[in-house]
1. Going by the structure shown, is residue 161 within 16 Å of ligand 1 (Cβ to nearest atom), over 12 Å from residue 217 (Cα atoms) and touching a strand residue (DSSP E or B) at 6+ places or on another chain (Cβ under 7 Å)?
2. Could you tell me how many of the residues in the stretch 165-215 are among the polar types (S, T, N, Q) and within 15 Å of ligand 2 (Cβ to nearest atom)?
3. Please tell me if residue 193 is out of contact with any strand residue (DSSP E or B) (no Cβ under 6 Å at 6 or more places or on another chain) and touching a residue at least 40 places away in the same chain (Cβ under 8 Å).
4. What number of residues within the stretch 2-35 satisfy the criterion of being surrounded by 10 or more Cβ atoms within 10 Å (Cβ to Cβ), acidic (Asp, Glu) and under 16 Å from residue 178 (Cα atoms)?
5. Out of the residues in the stretch 202-243 meeting the condition of being more than 9 Å from ligand 1 (Cβ to nearest atom) and outside any loop (DSSP other than H, G, I, E, B), tell me which one is surrounded by the fewest Cβ atoms within 10 Å (Cβ to Cβ).
6. Which residue is farthest from ligand 1 (Cβ to nearest atom), if the candidates are limited to the stretch 165-201 and must be at pLDDT 95 or above and of a type in the set (Lys, Arg)?
7. With among the hydroxyl-bearing types (Ser, Thr, Tyr) and closer than 16 Å to residue 175 by Cα as the only criterion, which of 15, 43 stands out?
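The values are calculated or read from the model by the stated rules, or taken from the named source; none is laboratory data. Because the structure is predicted, anything quoted here is derived from the model rather than measured. Note that we place each Cβ from the backbone using ideal geometry, even for glycine, and neighbour counts take in every protein chain shown.
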Amino acid sequence: MFERIQELVNNEGISLMGVAPVDRFEGAPRGHHPKDFIPTTKSIVVFGIGLLPAAVAHGDLMCDSEIFSESLRKKVGQDYLYALSAYEIPNALLERVAMRSALMLQQAGYNTFYFPVTFGLLVRPITADMPDVFAPFSHRHAAVRAGLAEFGLNNIVVTPRFGPRVRFTSLVTEAELPPTPLLKEKVCLGNACAACVESCPAKAITISAGIEEDLFWLNPPSRTNKKSCVDSARTRFCRGICQKVCPVHEGIWG
Ligand code: SF4
Ligand code: SF4
């Protein structure tokens, strides 16, 4: 049955998949541990899609347009082309694959739950009422624990293949699936790089005091002021700039 999930993932063009045994989630916040969704959870499966470089570089699209004013060009680039091509549409594919995988596991007799991606545009009315935005389940923490990434100074996760330009979703299941090993080496280049922090026009990312540069970051080494981030994206159209500048990637990315 796990082979059927791997086949689905390959056929659907999902870029990354990893499995974390539940014991890697020790210390998760109360109410947000995998067992807070299914008490008998044994495995967490994480799916990721690497984003298209041109979509992340939305600020560079249609430069010198003779049709759109500069402000309209930026708005269309960020709130339409990027929002759909690098956000809602990859999210929809991730949710579809997670749902189909969850159904396969459930039909094989394992209680399983899949999560939607974290707060897409369709559910913005929910996040509008939150003083700060926290997901029910952290796909970032799950991706690190499933051996797909390390937390980066950007306060999102960095994969060896796509850097931070990945969307994720996850499922939790009673099935005991073959775990993916944790990454052995650091991926984020740390303070020697810090391009993500320096590129942020809102100075919304703050590096935590006392971070240990040489350790593999299983948890975030920084915080993001989410209100500043949202406000800045609205006024400066900087959504994803902190991802675009990250030098980590393999092959021909960007
Ligand atoms: S999206 Fe914009 S404001 Fe938010 S962290 Fe990235 S660069 Fe900064
Ligand atoms: S831009 Fe540099 S510091 Fe930021 S996440 Fe990427 S490698 Fe780490």
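1. no
2. Residues in the stretch 165-215 being among the polar types (S, T, N, Q) and within 15 Å of ligand 2 (Cβ to nearest atom): 4 in total.
3. yes
4. Here the count works out to 1.
5. Taking the candidates together, the pick is 235.
6. The residue in question is 186.
7. That would be 43, the only listed residue that is among the hydroxyl-bearing types (Ser, Thr, Tyr) and closer than 16 Å to residue 175 by Cα.
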